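Engineer: Here it is, the structure, as C-alpha cells.
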Amino acid sequence: MLRSVLWILMCLPLVAQAADTPAPSVAGATSGSLAGSLGQMAFGLIVVVAVLLVCLWLLKRLGAPRGSARGLKVLGAAPVGPRERVVLVEVGNTVLVLGVAPGRVNMLHTVDPDALTVPAATTDDLQDANGFAARLKSLIEARK
C-alpha cells in the first residue's frame, strides 16, 4: 500500500511536466517569465519537502515497537570489555541480566525487581556528604 502511494507521488511531477510543456515555437524558444518559473520551482520544492515530511512521519509511526517489544525496558548497561557489556532488561515482573557481545546475547541471571531497589540514604551517609562539602569549602576558602 505504502509503496504504491509513494510510486504515484513520484510519478506526479513527470505527468505535470508533460502537461505543462508548451509546444516549441518556430524559433525554438519557449515563452515564459522569470517570476512564473521561480514560482513553479518554489511550489515544486514545497511539495517535495511536504512529501518528505509525510514519509518521515509515516516511518516514525510505523516503526514504533509493537507486540512483544512493547514490554521490554532496558534498565542499564555496564561495559566489561572493549565490545562486551552486561545489560539489565526488565520483562514484565522480572529483570534479566544479559551478557551482550558482538553477534551473541546470553542470559546470565534472573533478578527479582524488588531486589534492585536502592536503599534509602541513611543519616550517616548524609553527614559524611555534608562533612565533605564543608571541608572542601573550607579548603577552597583557605587557599584564597
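Bear in mind that the values in this text are calculations on the coordinates, not laboratory data. Owing to the predicted nature of the structure, the values given are computational and were not obtained by experimental measurement. Here the Cβ is made from the backbone with ideal geometry for all residues, glycine too, and neighbour counts use every protein chain on show.
Engineer: What is the sum of charges, Lys and Arg at +1 and Asp and Glu at -1, for the other residues whose Cβ falls under 11 Å from the Cβ of Pro113? All intermediate terms of the calculation are to be shown ahead of the outcome.
Structural biologist: Working: positive: Lys73; negative: Glu90, Asp112, Asp114.
Within the 11 Å Cβ shell, the charges total -2.
Engineer: Compute the length gained on full extension between Lys137 and Ala78: take 0.36 nm times their separation in residues and subtract their Cα-Cα distance, giving the result in nm to one decimal.
Structural biologist: Details: separation 59, 0.36 × 59 = 21.24 nm, distance 3.31 nm.
17.9 nm is the gain from fully extending Lys137 to Ala78.
Engineer: Length gain on complete extension for the stretch Arg104 to Val51, per 0.36 nm per residue less the alpha carbon to alpha carbon distance? Before the final figure, lay out each step's value.
Structural biologist: Numbers: separation 53, 0.36 × 53 = 19.08 nm, distance 3.95 nm.
Once the chain is fully extended between Arg104 and Val51, it gains 15.1 nm.
Engineer: Considering only the other residues whose Cβ falls under 11 Å of the Cβ of Ala101, what net charge follows from Lys and Arg at +1 and Asp and Glu at -1?
Structural biologist: +2
Engineer: Taking K and R as +1 and D and E as -1, what net charge do the other residues with C-beta under 12 Å from the C-beta of Ala77 add up to? List each step's numbers first, then the result.
Structural biologist: Details: positive: Arg85; negative: Glu84.
Net of charged neighbours comes to 0.
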